[in-house]
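Participant: Please read through the structure below; I'll follow up with questions.
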Amino acid sequence: MTRLNKWLRDFSLPGSEKLRKIDKAQLIRYAMLVLAAGVVLFPIFIMITTSFKTRTQTFSMPPVWIFKPTLKHYQEVLFSGNFLKYLVNSLVVATSTAFFSILIGAFAAYALVRFKFLGKRAVSTVTLLLRMIPPAVLIVPLFVLWLNIGISGSRAGLIFAYIALNLSFTIWILRSFMNEIPVEIEESAVIDGCSELGILFRIVLPLIKPGLAVASIFVFRISWNEFILALVLTNRTTRTLPVAISLRITQVGVHWGEITAMATIVALPAFVFTFLSARSIIRGLTAGAVKG
């Protein structure tokens, strides 16, 4: 209380006008941040609370904010249908896409950074432009191509499609990190007898761990949540969780309780994975931002 009284007394002095202005500006800034966070998190709050409500509570007007939670929707989702199969499909597809995208993207990014060849600038530009192609445009060509090859409806076909769509993003992320590595480090490794592959795997990749974390997390989340391609390129046995959620919309009605319960389960791994890797993500997004 003594410190608080002293702070209030000093804050009320005429000479502390500048301090009051700074504190007011910070207070306004924090209030705006809290308001923005509330707007962003409110749909997530509605999704989670709806998953614990009964159907009557979900459609009641005015909305019910205080209620006794029920696990009925989660039980219906987890213990009925093929939820476990869809979960395994999503894990296999997202994990494989992230792994192979990072592996192939690392080779491509290293070649664009360190090697000199004809058309290097054109390849870099085209790689960036490929990221601008919306996946919906590629649905019909991919379906026809995969059908002729014989991988339509398989997890491998969906993985190949996701790798192709996310590879440009991975290359540009890793390329920006590799540009920050001094060439002298690699030249010293060459003098010591290290090969190009040795330089890439023993020196370059360990130095860009934050970039690898950023790229892998984003690719994993994109593949985990993607719906359009998964809807067209999978069948009953290879569906992923986003497609399984859409099956709860039937001719009888929309099962909002089951939809929100499954959506909460789908969102949980991405939230946990991102939260545990938050430090690597921040380091990766800010690495190389300031040069001294």
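Every number here is computed from the coordinates shown, using simple stated rules; none is lab data. Keep in mind that this is a model prediction, so the values were computed, not measured. So basically every Cβ, Gly included, is an ideal-geometry build from the backbone, and we count neighbours across all protein chains shown.
Participant: Using every Cα-Cα pair within region 166-226, state what percent have a distance larger than 14 Å.
Facilitator: Numbers: 1096 of 1830 pairs.
The proportion of pairs with Cα distances above 14 Å equals 60 percent.
Participant: If I stretch the segment between V137 and N225 completely, what's the gain in nm (0.36 nm per residue apart, minus their alpha carbon distance), one decimal?
Facilitator: Working: separation 88, 0.36 × 88 = 31.68 nm, distance 1.82 nm.
Extra length from V137 to N225 when fully extended: 29.9 nm.
Participant: In addition: Hey, fewest Cβ within 10 Å first, where do Y86, Y74 land in order?
Facilitator: Working: Y86 23, Y74 17.
Sorted ascending by nearby Cβ count, the order is Y74, Y86.
Participant: Sort S90, S154 so the one with the fewest other Cβ atoms within 10 Å of its own Cβ comes first.
Facilitator: Details: S90 24, S154 17.
Ranking S90, S154 by Cβ neighbours within 10 Å, fewest first, gives S154, S90.
Participant: Along its three principal axes, how long is the chain when you only count alpha carbons? Whole Å, largest extent first please.
Facilitator: 68, 67, 31
Participant: Give the calculated FRET efficiency between I203 and L147 to the nearest 0.05, with a Förster radius of 41 Å applied to their Cβ-Cβ distance. List each step's numbers first, then the result.
Facilitator: Numbers: r = 44 Å, r/R0 = 1.06.
FRET efficiency, I203 to L147: 0.40.
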